[in-house]
Amino acid sequence: QVRLVESGGGLVQAGGSLRLSCVASGRTFSTSSMGWFRQSPGKEREFVAAISWTGRTTNYADSVKGRFTISRGYDKNTMSLQMNSLKPEDTAVYYCAAADSGVVVISPAEYGYWGQGTQVTVSS
């Protein structure tokens, strides 16, 4: 069974930091691109960040550039999202995802594997 599990979410004050982690099991994603998405109540799931299978190419949503950093472990089955200078508008459920492609993709439709999400709440 393929499984992606996120962790690291929680409640943080505006300006603070959180580090989200994603661990995959059931198959290897060593040649797959991976990404983070988020969704808040009443809104569509939106792209946050993505990373290629090599880990050398990344892409970020404009709203998080300069604040968030995506990375993945050398075994390529782990991934992290370092979130700094958090804002209340960052509040959402954050989802880890893996794509079939090895290149960076930003559309949710391009990702075939998803975690269950971890809640991030940023207070004012």
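The values are calculated or read from the model by the stated rules, or taken from the named source; none is laboratory data. In this text the structure is predicted, and so the values were computed from the model without any measurement. Virtual Cβ from ideal backbone geometry, glycine too; neighbours counted across all protein chains shown. Accessible surface is based on the protein model in full, side chains and every heavy atom, while ligands, DNA and RNA are left aside. Shrake-Rupley method; radii C 1.70, N 1.55, O 1.52, S 1.80 Å.
Of the trypsin sites (Lys or Arg not before Pro) found in the stretch 1-47, those in coil by DSSP whose Cβ has at most 13 other Cβ atoms within 10 Å are Arg27, Lys43. Fully extending the segment from Ala14 to Trp114 would add 33.3 nm, taking 0.36 nm per residue of separation and subtracting the current Cα-Cα distance. Shown in residue order for the stretch 18-29 are the 3J(HN,Hα) couplings computed by the Karplus curve 6.51 cos²θ - 1.76 cosθ + 1.60 at θ = phi - 60°: 9, 10, 8, 10, 9, 10, 9, 8, x, 6, 8, 10 Hz (x for Gly and Pro).
Counted residue by residue at 0.36 nm each, then reduced by the alpha carbon distance between them, the extension gain from Asp62 to Gln1 reaches 18.5 nm. Computed with a 1.4 Å probe over protein heavy atoms only, the accessible surface of the chain comes to 51 Å² per residue. Seen from Val64, the other residues with C-beta closer than 12 Å to its C-beta sum to a net charge of 0, counting Lys and Arg as +1 and Asp and Glu as -1. Computed over neighbours whose Cβ is under 10 Å from that of Ala92, the net charge equals 0, Lys and Arg +1, Asp and Glu -1.
Rounded to a whole number, what % of the accessible area of the chain do carbon and sulfur atoms account for, probe 1.4 Å? Carbon and sulfur atoms account for 48 percent of the accessible area of the chain.
Summing charges over neighbours of Gly117, with a neighbour being any other residue whose Cβ is under 11 Å away from its Cβ, gives +1 when K and R count +1 and D and E count -1. Measuring r between the beta carbons of Arg45 and Ser123 and using R0 = 35 Å, the FRET efficiency lands at 0.95.
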